[in-house]
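The values are calculated or read from the model by the stated rules, or taken from the named source; none is laboratory data. Computed from a predicted structure; not experimentally measured. Using ideal geometry, Cβ is built from the backbone for each residue, glycine included, and neighbour counts are taken over all protein chains shown.
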Amino acid sequence: MKIQEYIESGILSIYVLGIASEEEQREVEEMARQYPEIADELHSLQASVSEYVSQFEITPPKSLKNKIMQSIVDETPNATIGGFKNKNVFQYGMVASIALLLVSLLGNFYFYNQWQQTQNDLAIVKNQNVEIANNQKVLETKYQELESELTMVQNPAYHITYLEGMKDMAPQSYATVFWNDEKQQAYIFTNSLPKPPNGKQYQLWALTDDNIVWDAGVFHWGKFTPVKCFKKPQKFIITLEKEGGVPKAEGQAYAMGVVKI
């Protein structure tokens, strides 16, 4: 019995990979008991495979053994070599090589999946960065709007009229109109008017010196919104109308303010 030849035959690899027949298992175990060199090599292979498998945690399908063995039986002729229980040394080497190749492919599959996961993670990070950038742009836009509004409020050319809520509709509410008859510009900010229901929208009306009511336009609730400007307005009134506005006031008045110049 040539121990080294037995070790190099590949049967130990087959045993460690769990694809040996029952007869081959008994043979390897018996040889390991008889020869310390074989036992040491077997333990070394088992440790290597265990470490490799623990890294990937991929369980080969149950049909793997049958497929490999059937492939070997179909393609490799049986031969007899003394001392190896009529098993072809070449057959062991082929099976061991194929099995190790399969383990390698499984490892590659694992790394491919990891690469795919990494790519997905990178895509998520990129999307998050895009979202952060978009949010930053929104914040910058809002900041510029607030800065513009603050500049307007501090500009003495703009007259300010405060509209108080009607006692029977919104006694705690108020709104503010900024208007500049020289530039023909006007803006409104609804500080605390109740949120309009669906299908409804607030509309601003201006009463001029000749007591004519003019439509100053609908506006967005809770936002600093441009409206129409009229020269020498005497009073501003806010009513709740259908969405899009009406040519003549129809709804309830929610706020009113007298212009003081």
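Structure values in brief
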read-out: Selection from the stretch 191-227 of residues that are in contact (Cβ under 8 Å) with a residue 40 or more places away in the chain and under 14 Å from Ile238 (Cβ atoms); value: Leu193, Pro194, Pro196, Lys200, Gln201, Tyr202, Gln203, Trp205, Val227
read-out: Only one of Thr190, Thr239, Thr208 that is out of contact with any helix residue (DSSP H, G or I) (no Cβ under 6 Å at 6 or more places or on another chain) and over 24 Å from Asp168 (Cα atoms); value: Thr208
read-out: Qualifying residue in the stretch 174-189 (condition: out of contact with any strand residue (DSSP E or B) (no Cβ under 7 Å at 6 or more places or on another chain), under 19 Å from Ala253 (Cα atoms), without any contact (Cβ under 8 Å) to a residue 40 or more places away in the chain and surrounded by fewer than 20 Cβ atoms within 10 Å (Cβ to Cβ)); value: no
read-out: Pairs with Cβ under 7 Å, 6+ apart, first in the stretch 4-19 and assigned by TED's automatic domain parsing to the domain that holds Ala39, second β-branched (Val, Ile, Thr) and at pLDDT below 80; value: Ser9/Val89; Gly10/Val95; Ile14/Val95; Val16/Val49; Leu17/Val49; Ile19/Ile68; Ile19/Val95
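Listed here are the residues, each with its yes/no results for (1) surrounded by 13 or more Cβ atoms within 10 Å (Cβ to Cβ); (2) modelled with pLDDT of 85 or more; (3) in a helix (DSSP H, G or I); (4) not assigned by TED's automatic domain parsing to the domain that holds Val16.
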{"position": "Ala39", "(1), (2), (3), (4)": "yes, yes, yes, no"}
{"position": "Ser48", "(1), (2), (3), (4)": "no, no, yes, no"}
{"position": "Ser54", "(1), (2), (3), (4)": "no, no, yes, no"}
{"position": "Lys62", "(1), (2), (3), (4)": "no, no, no, no"}
{"position": "Asn66", "(1), (2), (3), (4)": "no, no, yes, no"}
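Residue-by-condition table, conditions (1) farther than 24 Å from Gly257 by Cβ; (2) at pLDDT below 85; (3) in contact with an Asp or Glu (Cβ under 9 Å, 6 or more places away or on another chain); (4) among the small types (Gly, Ala, Ser):
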site	(1), (2), (3), (4)
Asn113	yes, yes, no, no
Val125	yes, yes, no, no
Ile132	yes, yes, no, no
Leu146	no, yes, no, no
Leu150	no, yes, no, no
Ala157	no, yes, yes, yes
Asn191	no, yes, no, no
Leu204	no, no, yes, no
